[in-house]
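Pasting a structure below so you can have a look.
The numbers here are math on the coordinates, done by the rules we state, and not lab data. Nothing here was measured: the structure is a model prediction, and the numbers come from that model. All Cβ positions, glycine included, derive from the backbone under ideal geometry; neighbour counts span all protein chains shown.
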Amino acid sequence: MNKFTLFFLFFLILLALTHLQAQEPDTLPKVVPGKIIDGDTVPLVEVKSITVYPPYEFKNRRHQVRYSKLVYNIQKVYPYAKQAGEKLEEFQRVLDTITNEREQRKYAKLAEKQLEEEFGEDIRNLTFSQGKILIKLIYRQTGSSSFEIVKELRGKFTAFIWQTLATIFGYDLKAGYDPEGEDRQIEEIILLIDQGYF
């Protein structure tokens, strides 16, 4: 090797070393919270809890189709129930600030009109089964039956009229939600939806 080649290699190595030293690490190492137990540091990591259900064993094809329909119906109405819970909280916060009863009724009518414009067409296009599930899920999200919500926002008479109309069409606005009893399967499907399985 001649002197020029040796000098050139030395220059390249020196250049590479200075370049490496000048670079800062792209990411800093993550610091994980920990706890010292008997002189050892043990990392503390928060793990989300999940619920595991055994896979369904269907008796026959008809039961499997019925379950698939239930999953589909819940997936369709669950977002509406969640939005209903959020909207009701928002309306309740505003109503709590209004002291005049007349202004409260006026605001309730305005809120109803807003909900009608936003969701009216979608709600009217629900099937009978989806409507029944929606009534149950609204109770699940808000802790109040649809009848109680209408009664609180629009008054007893209006709630009675809506309940009467609902009964004619086979619905019950006073229906509750029992996640441990008759609505257990619905609750399981909702938990699986929230965990991203559906």
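Matching residues to (1) surrounded by fewer than 18 Cβ atoms within 10 Å (Cβ to Cβ); (2) polar (S, T, N, Q):
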position	(1), (2)
104	yes, yes
149	no, no
161	yes, no
175	yes, no
188	yes, no
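Next up: Residue 117 is checked against (1) surrounded by 11 or more Cβ atoms within 10 Å (Cβ to Cβ); (2) part of a helix (DSSP H, G or I); (3) not hydroxyl-bearing (Ser, Thr, Tyr) and fails just one. What number does that condition carry?
Condition not satisfied by residue 117: (1).
Taking only the stretch 40-74 into account, find how many residues are farther than 30 Å from residue 122 by Cβ and among the β-branched types (Val, Ile, Thr).
6
Right, residue 135: in contact (Cβ under 8 Å) with a residue 60 or more places away in the chain, of a type in the set (Val, Ile, Thr), under 26 Å from residue 64 (Cβ atoms) and out of contact with any His (no Cβ under 9 Å at 6 or more places or on another chain) or not? Explain how you work it out, then say what you get.
On the way: in contact (Cβ under 8 Å) with a residue 60 or more places away in the chain: no; of a type in the set (Val, Ile, Thr): yes; under 26 Å from residue 64 (Cβ atoms): yes; out of contact with any His (no Cβ under 9 Å at 6 or more places or on another chain): yes.
Judged against the criteria, residue 135 is not a match.
Restricting the search to the stretch 162-193, which residues are in contact with a helix residue (DSSP H, G or I) (Cβ under 9 Å, 6 or more places away or on another chain) and in a helix (DSSP H, G or I)?
Applying the first criterion (in contact with a helix residue (DSSP H, G or I) (Cβ under 9 Å, 6 or more places away or on another chain)) to the stretch 162-193 yields 162-163, 166, 169-180, 183, 185-187, 189-190, 192-193.
Passing the criteria: 162, 163, 166, 185, 186, 187, 189, 190, 192, 193.
Now a separate question. Would you tally the residues in the stretch 38-66 being closer than 18 Å to residue 190 by Cα and assigned to a loop (DSSP other than H, G, I, E, B)?
Number satisfying all stated conditions: 9.
Further question: Kindly check whether there is at least one residue in the stretch 121-131 that is surrounded by 12 or more Cβ atoms within 10 Å (Cβ to Cβ) and outside any helix (DSSP H, G or I). I'd like the intermediate steps shown before the answer.
To start, the set of residues in the stretch 121-131 that are surrounded by 12 or more Cβ atoms within 10 Å (Cβ to Cβ) comprises 122-123, 126-127, 129-131.
From what's left, outside any helix (DSSP H, G or I): 126-127.
There is at least one residue in the stretch 121-131 that is surrounded by 12 or more Cβ atoms within 10 Å (Cβ to Cβ) and outside any helix (DSSP H, G or I).
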